[in-house]
1. Restricting attention to region 82-118, report how many residues are out of contact with any strand residue (DSSP E or B) (no Cβ under 7 Å at 6 or more places or on another chain), more than 15 Å from the ligand (Cβ to nearest atom) and of a type in the set (S, T, N, Q).
2. Return a yes/no flag: does region 313-322 have any residue that is under 26 Å from Glu26 (Cβ atoms), in contact (Cβ under 8 Å) with a residue 40 or more places away in the chain, touching a Gly at 6+ places or on another chain (Cβ under 6 Å) and not β-branched (Val, Ile, Thr).
3. Quickly run through region 177-211 and pick out the residues that are aromatic (Phe, Trp, Tyr) and either within 16 Å of the ligand (Cβ to nearest atom) or farther than 24 Å from Arg276 by Cβ (or both).
4. Which condition number in (1) without any contact (Cβ under 8 Å) to a residue 12 or more places away in the chain; (2) in the same structural domain as Thr125 (by TED's automatic domain parsing); (3) not aromatic (Phe, Trp, Tyr) is the one that Ser23 fails?
5. Being out of contact with any Ser or Thr (no Cβ under 8 Å at 6 or more places or on another chain) and within 23 Å of Asp243 (Cβ to Cβ) narrows it down to one of Gly68, Gly62, so name that one.
6. For region 141-163, what are the residues that are part of a loop (DSSP other than H, G, I, E, B) and away from the ligand (no atom under 14 Å from the Cβ)?
7. Which residues, taken from region 139-188, are aromatic (Phe, Trp, Tyr) and either touching a Phe, Trp or Tyr at 6+ places or on another chain (Cβ under 6 Å) or in contact (Cβ under 8 Å) with a residue 24 or more places away in the chain (or both)?
8. Cβ-Cβ below 7 Å, separation at least six or inter-chain, first residue in region 282-297 and over 12 Å from Ile340 (Cβ atoms), second part of a loop (DSSP other than H, G, I, E, B): which pairs?
Amino acid sequence: MSFVPANEGISKLKPYQPGKPISELERELGITDIVKLASNENPLGCSDRVKQAVAAELAEIGRYPDGGGFILKDQICAQFGVTADCITLGNGSNDLLEMFARAFVAEKDSVVYSQHAFAVYALVTQAINAQAIEVPAKGFAHDLDAMAAAIQYNTKLIFIANPNNPTGTWFEEAEFEAFMQKVPASVIVVLDEAYVEYFPENFNSLKFLAHYPNIIVSRTLSKCYGLAALRVGFALASKQVTDFLNRIRQPFNVNHLAMVAAVAALKDEDFIEQSRVVNKAGMNQLEQGFQSLGLGYVASRANFILVDVQADAAQTFNALLKEGVIVRPVGIANHLRVSIGTETENAKFLSALAKVLDLASNAVEGKA
Ligand SMILES: *Cc1c(COP(=O)(O)O)cnc(C)c1O
């Protein structure tokens with residue numbers, strides 16, 4: 001057998017493990033009423049306005065999309081008060097995360113990110129053979145002081161998620177300001193805000209963008225906006241940073257239907273508000289459920305929550321699958337991440353969890 005060598009980082013790379021698709025579990029179990037709370041998707045799906053907008057554009061499929069993304073950038077400008085030369089569009093924000101690493105980091109350079117951070121940060125760093133500096137988390141959260149202290153002479157980029165996935169932890173503006181004061185202007189700071197729409201009062205990243213030309217704010221339409229299948233994200237940054245990103249961006253990385261959908265989704269503020277309300281109610285429902293089962297959890301400002309199942313995570317995950325509930329093991333011992341679903345989905349998950357952990361009787365007797 002002939003040997004085809006990949007670069008060292010890629011040959012050692014363990015690919016991203018996505019949440020298990022519903023269709024896959026259906027095939028395996030031969031059942032149909034499966035609840036998927038594994039990928040932080042919006043349980044309401046997407047806005048009806050998105051469906052109408054996409055349906056109206058189906059005839060355009062035969063043409064290449066607008067590589068400049070005019071309609072989507074126009075909407076982002078109107079909504080976020082930025083100019084088009086500060087926007088980079090991505091095929092989901094994963095596409096952008098990879099562009100950030102490729103644009104600013106070379107082999108011999110290093111990238112700083114936190115323990116328990118989004119798995120893709122490690123993957124894009126390794127794929128370009130750069131050095132990863134993983135900073136121990138504080139509790140489950142980013143330790144911004146330690147991350148600033150971890151910066152080396154060769155550090156080119158820092159990945160930060162606020163709130164963080166998979167822990168749901170967050171930080172406030174004052175902490176971030178103190179952090180930015182310590183970061184050299186030549187180091188790119190990526191502020192990944194995939195979940196910002198759920199608790200927007202938490203943090204105003206646009207304010208920071210105006211003061212720090214080394215910040216990139218990364219947003220996605222996959223979570224609260226409900227467009228996960230279409231793959232759209234965008235980055236906001238200084239003109240100079242944006243210019244570099246757009247040099248390496250694939251010319252047609254965001255497709256036409258995705259852009260049309262994104263414009264409709266960004267405009268539909270009622271849908272976002274409704275999604276927030278459902279998320280808050282579901283978060284309460286799960287927190288109360290965990291409390292009555294005597295399980296600990298990590299307070300979250302996203303659309304998922306990390307629960308301490310006090311049992312082996314992989315075994316509990318597999319037992320839940322047999323009950324028709326898909327959640328997510330995230331490499332943290334005894335913990336599972338569960339996305340907030342509808343009231344019915346959350347209830348099904350909680351009763352399945354009680355069953356597989358055999359806690360129901362304890363909870364009823366008040367022993368747990
Ligand atoms: C889900 C997620 C993303 C990206 O999702 P895309 O679908 O690629 O836009 C990025 N960052 C974090 C922290 C996420 O949780």
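The values are calculated or read from the model by the stated rules, or taken from the named source; none is laboratory data. It should be emphasised that the depicted structure is a prediction, and the values quoted were computed from it without experimental measurement. Positions of Cβ are backbone-derived with ideal geometry, glycine not excepted, and every protein chain shown enters the neighbour counts.
1. Number of matching residues: 1.
2. For region 313-322, residues under 26 Å from Glu26 (Cβ atoms), in contact (Cβ under 8 Å) with a residue 40 or more places away in the chain, touching a Gly at 6+ places or on another chain (Cβ under 6 Å) and not β-branched (Val, Ile, Thr): absent.
3. Phe179, Tyr195, Tyr198, Phe199, Phe203 - these are the residues of region 177-211 that are aromatic (Phe, Trp, Tyr) and either within 16 Å of the ligand (Cβ to nearest atom) or farther than 24 Å from Arg276 by Cβ (or both).
4. Unmet condition: (2).
5. Going through Gly68, Gly62 in turn, just one is out of contact with any Ser or Thr (no Cβ under 8 Å at 6 or more places or on another chain) and within 23 Å of Asp243 (Cβ to Cβ): Gly68.
6. Answer for region 141-163, where residues must be part of a loop (DSSP other than H, G, I, E, B) and away from the ligand (no atom under 14 Å from the Cβ): Asp143, Ala150, Ile151, Gln152, Tyr153, Asn154.
7. Phe140, Phe159, Trp170, Phe171, Phe176, Phe179
8. Leu293/Leu359; Leu293/Ala368; Gly294/Leu359; Gly294/Ala368; Leu295/Val309; Leu295/Gln310
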